[in-house]
Amino acid sequence: MTADTVTDPPGAPGALRRTSRQIGDVVFKGFSTGSGITILVLLAAVATFLVGMSIPALTADAADLPFGDFWAYVAPYAFGTVWAAALAMLFAVPLSVGIALFLTHYAPKRVRQIFGYIIDLLAAVPSVVFGLWGINVLAPLMRPLFVWLNQYLGWIPFFAGPVSGTGRTILTAAVVLAVMVLPIITAMCREVFTQTPRLHEEAALALGATRWEMIRQAVLPFGMPGIVSGCMLGLGRALGETMAVAMVLSPAAVINVHLLTSSNPNTIAANIALAFPEAYQLGVNQLIATGLVLFVITLAVNMTARWVVARRKEFSGAN
Amino acid sequence: MSKRIEIKDLDIYYGKFHAVSGVNMTIQPRSVTAFIGSSGCGKSTVLRSINRMHEVIDGAYSTGQVLLDGVDLYGPGVDPVRVRRQVGMVFQRPNPFPTMSIRENVLAGVRLNNSKVTRPQAEEIVEKSLQAANLWKEVKDRLDRPGSGLSGGQQQRLCIARAIAIAPDVVLMDEPCSALDPISTLAIEDLIHQLKEEYTVVIVTHNMQQAARVSDQTAFFNLKEQGKPGELIEVASTEKIFHNPDQKATEDYITGRFG
């Protein structure tokens with residue numbers, strides 16, 4: 001029987017009477033419910049804007065659109081977005097998990113703290129700085145590697161030539177993206193790895209597990225939902241990152257998997273940033289419609305990830 | 001299979017904290033030895049020193065010897081990982097791996113020791129270990145279900161199955177029943193009786209009746225005084241400890257006048 005389903009009879013004994021302490025409950029409940037509703041309203045507002053602005057472009061005749069047929073226009077950018085983000089995740093995820101494991105299970109206590117700060121610091125660098133770093137430092141550094149890759153592994157389509165003269169290719173952009181998402185994924189993984197129940201770690205050790213075996217048996221399975229969440233946060237950033245990609249990449253509207261050439265598929269976000277200043281009328285609608293496509297891609301990726309985690313729920317250890 | 005344990009002049013420290021001092025005792029193969037004593041007197045620490053699990057805590061170290069059939073577990077070049085593959089352990093709270101099925105839980109240790117078990121071999125180990133843990137009948141139809149879906153008592157028996165699947169020489173149990181209901185406790189106690197046919201069993205318990213029921217030998221640990229390290233006060237046959245102990249402190253503890 002909860003208090004709010006019962007009406008106090010008049011003259012209830014003092015000890016049982018409702019007190020002002022419940023005001024705190026009411027305020028807090030209102031605040032947290034309000035916060036929950038706010039996020040929905042914000043999301044709805046953005047979605048409405050995106051859809052509303054996109055409809056003219058989506059319904060217009062291809063001949064009227066300044067950038068031509070919408071789907072043909074967005075396809076290379078959608079591909080470029082997913083491709084660049086996938087490459088970035090390929091570099092960032094193993095490295096992040098490795099760093100998080102090092103911090104939680106191998107590093108001495110002092111190193112652990114200092115390292116933690118450094119990782120957090122990396123998250124505070126603005127993306128325009130990463131962009132500059134990508135152009136001025138990373139691209140020239142990567143070029144010899146590109147030449148080498150093309151020379152010896154050029155028969156693999158990824159490493160086909162001709163090698164870009166500037167080094168500003170999708171591979172460089174992906175490395176910059178990887179550096180940017182690294183702190184996000186690392187922070188999340190570190191958090192879940194420290195929460196591995198000691199009981200499970202000891203269970204593995206008592207069976208004669210080495211430290212690495214213990215990590216494989218107890219830490220990683222327990223942390224899997226957290227690793228996936230971290231990756232989703234990172235992937236969200238990688239998919240949506242605009243400035244760094246726009247600066248680093250020498251773009252084209254193509255679909256290919258060549259990592260080293262100067263014709264690289266641009267990403268949706270970077271393309272919007274580059275094309276927006278000169279867009280007018282339906283062009284604006286068309287660019288925003290590409291934004292809607294990015295929105296849908298991100299949503300689909302996140303939902304897939306949630307579904308993958310939920311499928312293994314019984315085995316998650318949450319019970 | 002079953003080995004004799006000799007503990008000689010064992011002192012255990014956690015950093016500067018001197019936890020246990022001067023333990024000497026012999027544990028016969030195919031027997032059950034119970035460690036009793038009030039909380040914080042170092043009995044769990046001594047138990048853990050038999051498979052070097054106390055070293056999991058930063059700064060823990062020990063002096064003296066723990067011999068397994070004459071081989072010093074703390075000798076130079078001895079790998080604690082190897083020690084733990086010979087000396088299995090069951091913990092206070094059941095801790096099956098939540099991400100693994102019942103079958104994979106039983107095989108967890110086997111896979112560490114020998115990754116090349118064939119499927120039929122694995123099936124045989126699973127059945128044999130679960131049989132030995134008195135759990136086979138209850139779970140044989142759901143070996144692919146998560147181990148965490150079992151009841152507490154079943155989980156603890158699953159942990160015992162996991163510990164004995166790697167055929168250790170010794171099975172250590174750290175208050176294995178303290179989180180279980182009386183019926184599950186009875187099931188585990190029956191199991192301990194069976195286990196001693198094949199293994200050397202050492203059990204820490206707070207339950208005096210349990211010590212009297214399951215063990216052949218009982219060791220009583222106590223703090224000499226507050227702030228001093230724990231000590232082994234007396235070790236003898238369970239019969240003697242419970243009926244005619246040599247030490248006054250033991251008698252006081254057994255009869256409940258203390259602790």
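Taking into account only those residues within the range B:76-114 that are among the aliphatic types (A, V, I, L, M) and touching an Asp or Glu at 6+ places or on another chain (Cβ under 8 Å), which is farthest from the other protein chains (Cβ to nearest Cβ)?
Here is the first cut: in the range B:76-114, the residues among the aliphatic types (A, V, I, L, M) are B:78, B:81, B:83, B:87, B:89-90, B:100, B:102, B:106-108, B:110, B:112.
After this cut, where a residue has to be touching an Asp or Glu at 6+ places or on another chain (Cβ under 8 Å) as well, the list is B:78, B:87, B:89-90, B:102, B:112.
Numbers: B:78: 13, B:87: 9, B:89: 4, B:90: 8, B:102: 11, B:112: 5 Å.
Within the range B:76-114, the match that is farthest from the other protein chains (Cβ to nearest Cβ) is B:78.
Is there a residue in the range A:118-139 that is open to solvent by 80 Å² or more (accessible area, probe 1.4 Å), among the hydroxyl-bearing types (Ser, Thr, Tyr) and modelled with pLDDT of 85 or more?
In the first step, residues of the range A:118-139 are kept if they are open to solvent by 80 Å² or more (accessible area, probe 1.4 Å); the result is A:118, A:121, A:132-133, A:136.
This time we only want the ones that are among the hydroxyl-bearing types (Ser, Thr, Tyr), so: none.
Checked against the condition, which is being open to solvent by 80 Å² or more (accessible area, probe 1.4 Å), among the hydroxyl-bearing types (Ser, Thr, Tyr) and modelled with pLDDT of 85 or more, the range A:118-139 yields no hits at all.
What is the number of the single condition among (1) within 29 Å of the chain's Cα centre (by Cα); (2) at pLDDT below 90; (3) under 30 Å from residue A:182 (Cβ atoms) that residue A:71 does not meet?
(3)
Exactly one condition in (1) open to solvent by less than 50 Å² (accessible area, probe 1.4 Å); (2) more than 14 Å from every other protein chain (Cβ to nearest Cβ); (3) free of Cβ contacts under 8 Å to residues at least 12 places away in the same chain is not met by residue A:144; state its number.
Against the list (1) open to solvent by less than 50 Å² (accessible area, probe 1.4 Å); (2) more than 14 Å from every other protein chain (Cβ to nearest Cβ); (3) free of Cβ contacts under 8 Å to residues at least 12 places away in the same chain, residue A:144 comes up short only on (1).
Quick grid of which residues meet (1) closer than 26 Å to residue B:11 by Cβ; (2) within 13 Å of another protein chain (Cβ to nearest Cβ); (3) crowded, with 17+ Cβ neighbours inside 10 Å:
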site: B:65; (1), (2), (3): yes, no, no
site: B:68; (1), (2), (3): yes, no, yes
site: B:74; (1), (2), (3): yes, no, yes
site: B:116; (1), (2), (3): no, no, no
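Here are some conditions: (1) closer than 12 Å to residue A:70 by Cα; (2) open to solvent by less than 10 Å² (accessible area, probe 1.4 Å). Residue A:282 meets all but one. Which one does it not meet?
(2)
Answer yes or no: is there a residue in the range A:3-24 that is at pLDDT 85 or above, open to solvent by 90 Å² or more (accessible area, probe 1.4 Å) and assigned to a helix (DSSP H, G or I). Walk me through how you get there before you give the answer.
So the first thing to find is which residues in the range A:3-24 are at pLDDT 85 or above, and the list is none.
Looking through the range A:3-24, none of the residues is at pLDDT 85 or above, open to solvent by 90 Å² or more (accessible area, probe 1.4 Å) and assigned to a helix (DSSP H, G or I).
Just checking: which of the helices (runs of 4 or more DSSP H) contained wholly in the range A:190-259 hold 3 or more residues that are more than 12 Å from chain B (Cβ to nearest Cβ) and either β-branched (Val, Ile, Thr) or surrounded by fewer than 21 Cβ atoms within 10 Å (Cβ to Cβ) (or both)?
Those helices (runs of 4 or more DSSP H) span A:220-240, A:243-248.
Residue B:36: more than 23 Å from residue B:155 (Cβ to Cβ) and either within 14 Å of chain A (Cβ to nearest Cβ) or surrounded by 20 or more Cβ atoms within 10 Å (Cβ to Cβ) (or both), yes or no?
Values: more than 23 Å from residue B:155 (Cβ to Cβ): yes; either within 14 Å of chain A (Cβ to nearest Cβ) or surrounded by 20 or more Cβ atoms within 10 Å (Cβ to Cβ) (or both): yes.
Here the answer is yes, as residue B:36 does meet what is asked.
Within the range B:126-145, identify whether any single residue is over 13 Å from the mean Cα position of the chain (by Cα) and either under 22 Å from residue A:196 (Cα atoms) or within 11 Å of chain A (Cβ to nearest Cβ) (or both), and answer yes or no.
Of the range B:126-145, the ones over 13 Å from the mean Cα position of the chain (by Cα) are B:126-145.
Filter once more, so that each one left must be either under 22 Å from residue A:196 (Cα atoms) or within 11 Å of chain A (Cβ to nearest Cβ) (or both): B:144-145.
Yes, the range B:126-145 has at least one match.
Among the listed residues B:165, B:161, which satisfies the condition of being within 24 Å of residue B:104 (Cβ to Cβ), within 14 Å of the chain's Cα centre (by Cα) and within 14 Å of chain A (Cβ to nearest Cβ)?
B:161
The values are calculated or read from the model by the stated rules, or taken from the named source; none is laboratory data. Keep in mind that this is a model prediction, so the values were computed, not measured. Positions of Cβ are generated from backbone atoms using ideal geometry, with glycine treated the same way; all protein chains shown enter the neighbour counts. Only protein heavy atoms, including side chains, enter the accessible area calculation; ligands, DNA and RNA are left aside. Shrake-Rupley method; radii C 1.70, N 1.55, O 1.52, S 1.80 Å.
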